[in-house]
Protein chains: 4
Amino acid sequence: MKTAAMLETYPATMNVDRELLARVIDTLVECSQACTACADACLSEEMVADLRKCIRTDLDCADLCDTTARVLSRHTGYDANLTRAVLEACAVACRACADECERHAGMHEHCRVCAEACRACEAACAELVAAMA
Amino acid sequence: MKTAAMLETYPATMNVDRELLARVIDTLVECSQACTACADACLSEEMVADLRKCIRTDLDCADLCDTTARVLSRHTGYDANLTRAVLEACAVACRACADECERHAGMHEHCRVCAEACRACEAACAELVAAMA
Amino acid sequence: MKTAAMLETYPATMNVDRELLARVIDTLVECSQACTACADACLSEEMVADLRKCIRTDLDCADLCDTTARVLSRHTGYDANLTRAVLEACAVACRACADECERHAGMHEHCRVCAEACRACEAACAELVAAMA
Amino acid sequence: MKTAAMLETYPATMNVDRELLARVIDTLVECSQACTACADACLSEEMVADLRKCIRTDLDCADLCDTTARVLSRHTGYDANLTRAVLEACAVACRACADECERHAGMHEHCRVCAEACRACEAACAELVAAMA
């Protein structure tokens with residue numbers, strides 16, 4: 001990822017720690033991809049009927065992570081209220097997806113890897129919210 | 001939009017009023033398109049330098065509305081906490097974009113139309129949050 | 001949708017017929033929402049195992065339609081090569097999804113409604129490609 | 001990124017080389033983030049009026065890369081026609097964005113970094129299209 005390199009080139013001042021911000025964006029992007037892949041892997045399992053809720057939380061989490069990564073990648077006209085609300089919603093999606101994937105982690109390796117990505121992302125979102133306070 | 005027709009075909013029970021839900025989804029989708037178009041129209045204005053913040057809030061609002069419409073279009077494994085958090089974040093984005101667009105509404109017709117879409121969407125998100133309580 | 005109203009406010013010249021363009025964007029947005037809803041409805045069917053491919057084509061089609069609607073909503077720095085390539089890819093996604101949904105249309109009403117949206121969208125993309133020639 | 005790890009867990013056969021596929025997805029995701037960041041950095045430049053087209057190609061390229069990464073992350077019900085069409089449209093977007101960013105690369109470091117990401121992504125899309133033939 002070129003996230004940190006792009007942040008260094010930003011031509012105006014920023015109120016957020018750039019190293020932390022780059023790390024959070026990268027974690028979001030990683031989580032989104034893992035969730036999209038996990039939803040599809042669940043869909044290919046024989047026992048897909050037991051994975052309906054997992055697929056749904058994967059799809060929601062991927063959408064939230066993508067949108068949050070985009071909002072965080074924009075610094076012009078920065079709005080702390082919006083950033084916080086989006087990070088909080090994303091953390092809820094990540095927690096729900098991690099909880100659901102962990103229930104299947106013993107049986108499905110893709111759920112195990114995805115749960116890791118979601119937990120890391122939940123923590124990253126919370127860390128950035130705390131740093132903004 | 002086929003939103004209401006699709007909701008009628010959903011093969012399981014739902015806890016939300018379908019008429020309200022369809023209306024909110026349609027309002028989100030309309031707002032997203034207006035914001036994408038407004039960002040581009042701002043970009044084509046001679047005075048684009050005065051519209052930087054407007055373009056940014058347009059882009060954020062479009063992303064939030066798209067994601068919120070997707071989350072609301074999924075009913076399997078419904079999660080009220082996530083739905084509420086996403087609606088609240090989206091309402092913040094809509095309010096910020098409406099506020100910014102209204103500042104330019106007298107001069108730029110696209111900002112006037114977009115502000116209307118954002119205000120309607122902010123109200124729709126709040127109405128659904130209230131109905132879920 | 002405010003698509004036509006927003007197109008009228010665009011502050012520069014455009015090479016495309018605005019009425020046609022607004023209609024295609026609205027059709028794309030409608031198709032995207034129908035596909036997201038159909039994927040979720042399929043996920044809630046008892047026979048979800050028979051609908052795996054349908055869910056996948058729904059998800060692909062929703063993503064393509066969203067992206068195509070966004071590209072078409074931007075007129076600044078218009079690039080006919082890109083517009084054509086995106087419309088052609090979107091038409092392929094719509095056709096694949098319509099074909100798949102039609103196979104289940106007799107049994108699942110959501111697939112019947114979604115197939116209609118996809119066929120309309122495939123035709124709209126083709127009409128715009130032809131108008132650009 | 002957990003892309004390669006997630007591909008290893010996919011529970012069915014795949015017709016594509018997994019190492020190549022993981023690399024292309026990672027390149028797409030990296031390019032999307034760089035384009036979103038470049039659009040915002042351009043927006044913050046004093047000479048934003050000279051960067052309108054660059055912002056537009058950045059936004060298009062980000063949307064195409066996100067959608068292409070999602071389509072490539074799904075293997076269930078694989079459709080070679082769709083994959084090829086999406087990759088070709090994405091390569092057009094990447095080339096257009098690289099061309100535009102390179103024009104400003106001497107003056108704006110964010111355009112230089114973004115152009116690199118777009119060229120790499122254009123090549124990755126072409127490599128995967130060739131591998132599928």
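The values are calculated or read from the model by the stated rules, or taken from the named source; none is laboratory data. From a predicted model like this one, the values you see are computed outputs, not experimental measurements. FYI the Cβ positions are ideal-geometry reconstructions off the backbone, even for glycines, and counts take in every protein chain you see.
Here are some notes:
- Test result for B:A4, surrounded by fewer than 24 Cβ atoms within 10 Å (Cβ to Cβ), out of contact with any Ser or Thr (no Cβ under 8 Å at 6 or more places or on another chain) and within 14 Å of chain A (Cβ to nearest Cβ): no
- With respect to the conditions (1) in a helix (DSSP H, G or I); (2) surrounded by fewer than 22 Cβ atoms within 10 Å (Cβ to Cβ); (3) within 11 Å of chain A (Cβ to nearest Cβ), B:D60 lacks only one, and its number is (2).
- Being within 15 Å of D:V24 (Cα to Cα) and facing another protein chain (nearest Cβ under 9 Å) is a property that holds for D:C90.
- Options D:A34, D:A80: the member that is more than 7 Å from chain C (Cβ to nearest Cβ) and surrounded by 24 or more Cβ atoms within 10 Å (Cβ to Cβ): D:A34
- Checked against (1) within 14 Å of chain C (Cβ to nearest Cβ); (2) part of a helix (DSSP H, G or I), D:E102 meets all criteria but (1).
- Among residues of the range C:40-57, those that are touching a Ser or Thr at 6+ places or on another chain (Cβ under 9 Å) and surrounded by 24 or more Cβ atoms within 10 Å (Cβ to Cβ), counted: 5
- Of all residues making up the range C:29-53, the number that are among the acidic types (D, E) and either part of a helix (DSSP H, G or I) or within 22 Å of the chain's Cα centre (by Cα) (or both): 3
- Selection from the range B:1-23 of residues that are in contact (Cβ under 8 Å) with a residue 12 or more places away in the chain and assigned to a loop (DSSP other than H, G, I, E, B): B:M1, B:Y10, B:A12, B:M14, B:N15, B:V16, B:D17
- Where a residue in the range B:120-133 is buried (at least 18 other Cβ atoms within 10 Å of the Cβ) and its partner, wherever it lies, is at pLDDT below 95 and not acidic (D, E), with Cβ under 8 Å and at least six apart: B:L128/B:V16
- Answer from A:D26, A:D66 - the residue that is within 10 Å of chain B (Cβ to nearest Cβ), outside any loop (DSSP other than H, G, I, E, B) and acidic (D, E): A:D66
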